[in-house]
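FYI, it's all coordinate maths here, none of it is from the lab. From a predicted model like this one, the values you see are computed outputs, not experimental measurements. Neighbour counts run over all protein chains shown; Cβ positions are idealised from the backbone, glycine included.
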Amino acid sequence: MKALTQNMMTSGARFVELLDERGLKPKAAFWIYNPEQDAWQLLVGHIDTVDDAAFDAAVAELMALHDAELPELALTDIGLAFDDAPILELLNSVVNTGDEILGINFTREEINGVVIDGVFLYRMNITEPVF
């Protein structure tokens, strides 16, 4: 398994902060490992005010403006998760971070019968927590 580096983790958190500052606050943000490609991808999802084209433009602009703050993060590393993506429902079933940006690591975890090879979660706040 390719390692998720400290620079990648730090850059991912900073990227989420930059999205927040821009008013594109994602309700989901995490690195996920793809074993077939032996690669990590930073996925964000549930951004209410943006479509694919607007997201791509915002990401390109953020990357250009803040390149030095985002070491080891490339445009090709970042993706927009569809609101109905199964991984979002799966992660949302076990964790709700609220609006905070955390760093929760899942490695070789099984959630509802699905093995997660690797996820480094910053935010999962799709549904409000029930108390």
### Message
Could you tell me the calculated FRET efficiency between Glu89 and Arg22, based on Cβ-Cβ distance and R0 = 25 angstrom, to the nearest 0.05?
### Response
0.45
### Query
Gain in length, Glu36 to Lys2, computed as 0.36 nm per residue apart minus the alpha-carbon separation, to one decimal in nm?
11.1 nm
### Message
Would you work out the Kirkwood radius for the chain? I mean one over the mean of 1/r across all pairs of different Cα atoms, in Å.
### Response
14.9 Å
### Message
For the chain, what does the helix formula give at 222 nm: sum of -39500 (n - 2.57) over DSSP H segments with n ≥ 4, over the residue count, nearest 500 deg cm²/dmol?
### Response
-9000 deg cm²/dmol
### Message
Quick check: residue separation of Ile101 and Asp56 times 0.36 nm, minus the Cα distance between them. What number comes out in nm?
### Response
14.0 nm
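May I ask you to compute the full-extension gain from Glu109 to Ala64, defined as 0.36 nm times their residue separation minus their alpha-carbon distance, rounded to one decimal in nm?
12.7 nm
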### Task
Evaluate the relative contact order of the range 6-124 (contact order divided by residue number), counting alpha-carbon pairs under 8 angstrom at least 6 apart; express in whole percent.
31 percent
### Task
Give, as a single signed number, the net charge of other residues whose beta carbon lies under 12 Å from the beta carbon of Gly118, with Lys and Arg counted +1 and Asp and Glu -1.
-1
